[in-house]
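Below is one structure; the comments refer to it alone.
The values are calculated or read from the model by the stated rules, or taken from the named source; none is laboratory data. Here the structure is a predicted model, which means the values were calculated and not measured. Neighbour counts are summed over all protein chains in view; Cβ atoms, including those assigned to glycine, are modelled from backbone coordinates with ideal geometry.
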Amino acid sequence: MAGSCPRLQEAQRLAVCGISRLTLAQETQEPSESGPERCMGLGARSWLPAAEQLLPLVDYFMGEYCQALQTRERERAGRSPSGSRKLGPSGSWESSANVDDGLVSAEELALAALGVLHLLVSHSYAAVTRILSDDSSGGPTHSGDSGHVRESGAAVSPAGATETPLSVHTQRCLFSKLLQLADSLVVSASYRRETLINQSLRVLGKLAKNATAELLSRFQVLLRGSALRRCLSADAPCSTVHLAVQLLASVVYRQELLSQLCSQSDLCLFLHLYTYVSTRPDTSATDRLWLQLEQEVVRFLTSICLSHSGAVAVLLEADCQCSTEVLKALIVMMHRRWLTQREPRRGCCVVTEQQGVTFIRETLLLLHRLSQRDKHFTEHCVQVLHQHSQALHGIRHILQQIPDLEESEELALEDLCPHEEQDVEAGRP
Ligand SMILES: [Zn+2]
């Protein structure tokens, strides 16, 4: 720690300098000749180069936390060189109080650093560019790493293989630290794991949103690794999945990144996402939170369909289970929402109810778009055919009460559930 003090002092000096520059009114008037050709989320006046000067300090505290996690990991594994472990009352090895204290304080500082970083990447294109361009300490050719490590230190190991050790990450660039702190495996010793992962995903999402198409390629490492899959696993909180979907929605702007979402195996990210929203494993999440996630998923998939010609094929024509699971997930979500909408509204606010109707309308249009493309639609939906017919029957009743119903929605309803079928369906849950 003592050895890193000069580095901290230098980072602090730079940060103070950066803050002073940021407070100057003329800061926003600085020329941005070397600015981006296309910046997705930020305006031309958001170059803000002074923001870069705060990055070393943010990087320092995130690095310190990664190191504290590494120390804790060694303690757990019983490899502490200090020999300070002792056997606790429960018979398990206790880590030293020093390690715990160090981890708690480093965690607080890392969370504060992530908060500052979110602000920086939200408002400064210079900061976004610096973070995504900086691979000086973590390029693909970096030697001396574990065989599983590629660009930026992220793990790209096959399923079940040992993950990248923390010792590698602590020496890497800010982007790589960010990826690590979004990984539940790396931060398993954290005291505020969910907050830490969510805050890291929030920053990554903002980075992706404000990146140029060229800079977005840095996110390949995230799609190839297993951290994002863990964010979509059954034990992930609903809020984490929501942030992961928002991140994905910005990343798949690039066509080659979109194609990486499906790995044509049980590691497929689409498959994880569909399973999550179909099964709703987070029992502590409120209905409102679920609705927000499900709406995000439907909008994410719709944006993929609309992104370019042929994009629907990524969803429907891959040689992967995800190509049929997408239809099932949409039908299950729509059916479940219809059941919720028709139940007596006890304590449900009008906003949530309206949001539920919006969700149903958007899901209907997406399902119709996919059904037009899928020649074996009925066959692919056979496991959820009952929910499909029942939900559409009920939805027709809901939509009939909407004065501004679009022609495309009427067409979708008629195509997916022709009138003659209405007489057959009983409409029971
Ligand atoms: Zn797939």
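PRO281 meets the conditions (1) at pLDDT below 95; (2) outside any helix (DSSP H, G or I) in every case but one. The failed one is (1).
Tell me, yes or no, whether region 264-273 has at least one residue that is among the hydroxyl-bearing types (Ser, Thr, Tyr), more than 16 Å from VAL332 (Cβ to Cβ) and out of contact with any helix residue (DSSP H, G or I) (no Cβ under 8 Å at 6 or more places or on another chain). So far as region 264-273 goes, yes, one or more of its residues are among the hydroxyl-bearing types (Ser, Thr, Tyr), more than 16 Å from VAL332 (Cβ to Cβ) and out of contact with any helix residue (DSSP H, G or I) (no Cβ under 8 Å at 6 or more places or on another chain). State yes or no: is PHE300 in contact (Cβ under 8 Å) with a residue 24 or more places away in the chain, among the aromatic types (Phe, Trp, Tyr) and within 16 Å of the ligand (Cβ to nearest atom)? Taking the combined requirement at face value, the residue satisfies it.
Summed over region 222-244, residues that are within 16 Å of the ligand (Cβ to nearest atom) and either outside any helix (DSSP H, G or I) or in contact with a Gly (Cβ under 6 Å, 6 or more places away or on another chain) (or both) total 3.
Residue by residue, here is whether (1) surrounded by fewer than 14 Cβ atoms within 10 Å (Cβ to Cβ); (2) modelled with pLDDT of 90 or more; (3) assigned by the TED database to the domain that holds ASP266; (4) touching a helix residue (DSSP H, G or I) at 6+ places or on another chain (Cβ under 7 Å) holds:
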residue	(1), (2), (3), (4)
GLN341	no, no, yes, yes
GLY347	yes, no, yes, no
ARG361	no, yes, yes, yes
VAL384	no, yes, yes, yes
GLN387	no, yes, yes, yes
ALA391	no, yes, yes, yes
LEU411	yes, yes, yes, no
VAL424	yes, no, no, no
ARG428	yes, no, no, no
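On inspection, GLY102 qualifies as at pLDDT below 85 and part of a helix (DSSP H, G or I). If the condition is being on the phi > 0 side of the Ramachandran plot and near the ligand (Cβ under 8 Å from one of its atoms), then region 263-280 contributes only GLN264. Being at pLDDT 90 or above and assigned to a helix (DSSP H, G or I): is that true of GLN70 here? No; evaluated as a whole, the condition is false for this residue.
Any chance you could count how many residues in region 314-368 are β-branched (Val, Ile, Thr) and within 16 Å of the ligand (Cβ to nearest atom)? Talk me through it step by step, then tell me what you get.
Our first condition is that a residue be β-branched (Val, Ile, Thr); within region 314-368, this holds for 314, 324, 326, 331-332, 340, 350-352, 357-358, 360, 363.
Checking the rest, the ones that are also within 16 Å of the ligand (Cβ to nearest atom) come to 314, 324, 326.
Going through region 314-368 one residue at a time, the tally reaches 3.
Taking region 232-244 as the range and being over 12 Å from the mean Cα position of the chain (by Cα) and crowded, with 20+ Cβ neighbours inside 10 Å as the test, no residue passes. Filtering ASP319, ASP282, ASP287 for residues that are over 19 Å from VAL252 (Cα atoms) and more than 21 Å from the chain's Cα centre (by Cα) leaves a single hit, ASP319. Hey, any hits in region 245-257 for a residue that's in a helix (DSSP H, G or I), within 13 Å of the ligand (Cβ to nearest atom), under 12 Å from the mean Cα position of the chain (by Cα) and on the phi < 0 side of the Ramachandran plot? No - not one qualifying residue is present in region 245-257.
Within region 190-208, the set of residues being closer than 17 Å to GLN67 by Cα and surrounded by fewer than 20 Cβ atoms within 10 Å (Cβ to Cβ) comprises TYR191, ARG192, ARG193.
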